[in-house]
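See below for the structure under consideration.
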Amino acid sequence: MPTRLQVQLPRRATRIRPTAVVRDRLAADLASGASLPVEPIPVARLTHSVRVAAIGDFHTRVDRPFLFGPALLNVSNQADLLLIAGDLTDSGRVEEFALVADVLGAVTVPVVAVLGNHDRRGLRRVAMRRTLENAGVILLDGESVVLNVSLAESDRESARIGVVGIGGYGGGFWPDEIGAGPPLDRATQAFAVRARREAARLDATLTQSSTDVDARIVLMHYSPTSSTLGREPLVKYWMLGNIELARVIDRYDVDLVVHGHAHLGNPAGRTIGGTPVRNVATQVIGRPVVYLLGDDAAIVESATASPLAGAK
Ligand SMILES: [Fe+2]
Ligand SMILES: [Fe+2]
């Protein structure tokens, strides 16, 4: 039987950069009031649809313009809730957080975020957290929140959306999913230990979170599956997420997992147990996507009321 060290790794994937035409179109979309793409996600318990926008990995820097302002402000009238999947900043500086917070403070729907590995590079953790919270952002780290979302189609009803937020960690997906295991050295063994600890923290957070909700979402930075890693090279899988997170998620009633971090990944996948997973790194989806959560009838009703822009 081959050892992990004998697994043949593919040659490193060639990084494909967007063409000038795609780049210009994306910049125009981000700066305009264009409709955000919408994707239906079936949730049997929701008899009225809820619009959940999501994006991550802005990698904001002080020496380049923050282009996402208009697109994020669009979320206020095109979604009921905004999720941000980490790496809001490139180096975790408070000045970078302030640039994002200026925009998020003007978004009129609830904003829930987790931190990414780049956000954690900064040393001024308290100031960073305060900057986001002063802008009204609900920052989760092994915590959960239940949001009462008023429903656009109903004057009286609201929906309870539970969000469990945690950063996650690397560690890899071997052997449950295709992907080489990391070389066995001290660094990767340390990753495995931290991965198990983070999965245990997710488990505890899910156990303690309210089950009296109409839909439950797990928001993370790292991925719980290799099915959303797209063109990421196999040699990087152990840095992009871990299978322990999926094993935990699949034991609970979770309707959707949203993550970032995999810049070369693909937008849609599933955990090994079948829970829908969406990679919302901006390098993958370009601008916020609106997930339309609801039972079949609610989704059809919403689509009839306003045709799903960009729905797949
Ligand atoms: Fe990132
Ligand atoms: Fe990241």
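Taking residues in region 63-88 that are under 17 Å from I161 (Cβ atoms), and partners anywhere that are more than 16 Å from ligand 2 (Cβ to nearest atom) and part of a helix (DSSP H, G or I), the pairs with Cβ atoms closer than 6 Å and at least 6 places apart or on different chains are L82/V75. Restrict the check to region 106-122 and report whether at least one residue is free of Cβ contacts under 8 Å to residues at least 24 places away in the same chain and either more than 15 Å from the chain's Cα centre (by Cα) or under 23 Å from P267 (Cβ atoms) (or both). Checked against the condition, which is being free of Cβ contacts under 8 Å to residues at least 24 places away in the same chain and either more than 15 Å from the chain's Cα centre (by Cα) or under 23 Å from P267 (Cβ atoms) (or both), region 106-122 yields no hits at all. For region 75-131, a residue qualifies if it is within 16 Å of ligand 1 (Cβ to nearest atom), in a helix (DSSP H, G or I) and closer than 26 Å to I217 by Cα, and the qualifying residues are F97, V100, D119, R120. Counting the residues of region 252-285 that are polar (S, T, N, Q), touching a helix residue (DSSP H, G or I) at 6+ places or on another chain (Cβ under 7 Å) and within 25 Å of F68 (Cβ to Cβ) gives 2. Here L245, L256, L234, L293 are screened, and the one residue that is closer than 16 Å to G170 by Cα and either aromatic (F, W, Y) or modelled with pLDDT of 95 or more (or both) is L245. Every listed requirement among (1) part of a loop (DSSP other than H, G, I, E, B); (2) modelled with pLDDT of 95 or more; (3) aliphatic (A, V, I, L, M) is met by V164 save one, (1).
Rundown of residues vs (1) in a helix (DSSP H, G or I); (2) touching a Pro at 6+ places or on another chain (Cβ under 6 Å), yes/no style:
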position	(1), (2)
T188	yes, yes
R201	yes, no
A204	yes, no
S210	no, no
L219	no, no
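Does at least one position in region 196-205 carry a residue that is in contact with a Phe, Trp or Tyr (Cβ under 7 Å, 6 or more places away or on another chain), hydroxyl-bearing (S, T, Y) and touching a residue at least 40 places away in the same chain (Cβ under 8 Å)? No, the conditions are met nowhere in region 196-205.
Can you confirm whether R247 is within 16 Å of ligand 2 (Cβ to nearest atom), basic (K, R) and in contact (Cβ under 8 Å) with a residue 12 or more places away in the chain? For R247, the condition - within 16 Å of ligand 2 (Cβ to nearest atom), basic (K, R) and in contact (Cβ under 8 Å) with a residue 12 or more places away in the chain - is not met. For region 223-237, the tally of residues that are within 16 Å of ligand 1 (Cβ to nearest atom) and in contact (Cβ under 8 Å) with a residue 60 or more places away in the chain stands at 4. Selection of region 276-304 for residues being of a type in the set (S, T, N, Q), within 26 Å of G230 (Cβ to Cβ) and either more than 15 Å from the chain's Cα centre (by Cα) or not in a helix (DSSP H, G or I) (or both) yields only N279. Inclusion of V126 among residues that are of a type in the set (A, V, I, L, M, F, W, C), under 18 Å from H59 (Cβ atoms) and surrounded by fewer than 23 Cβ atoms within 10 Å (Cβ to Cβ) is not warranted. In region 227-245, the count of residues that are under 18 Å from G116 (Cα atoms), under 15 Å from the mean Cα position of the chain (by Cα) and of a type in the set (G, A, S) is one or more.
All conditions in (1) in contact with a helix residue (DSSP H, G or I) (Cβ under 8 Å, 6 or more places away or on another chain); (2) at pLDDT below 95; (3) part of a loop (DSSP other than H, G, I, E, B) hold for R15, with the sole exception of (1).
For G179, the criteria (1) small (G, A, S); (2) modelled with pLDDT of 95 or more; (3) away from ligand 1 (no atom under 16 Å from the Cβ) hold in every case but one, which is (2). For I138, indicate whether it is at pLDDT 95 or above, away from ligand 2 (no atom under 16 Å from the Cβ) and under 24 Å from G294 (Cα atoms). So I138 passes the test. In this structure, E153 does satisfy being acidic (D, E) and either modelled with pLDDT under 95 or within 16 Å of ligand 1 (Cβ to nearest atom) (or both). A count restricted to region 45-92 and to residues that are at pLDDT below 95 and within 11 Å of the chain's Cα centre (by Cα) stands at 0.
The values are calculated or read from the model by the stated rules, or taken from the named source; none is laboratory data. In this text, all values refer to a predicted model and were calculated from it rather than measured experimentally. Quick reminder, even Gly has a Cβ in these numbers, built from the backbone with ideal geometry, and neighbours come from all protein chains shown.
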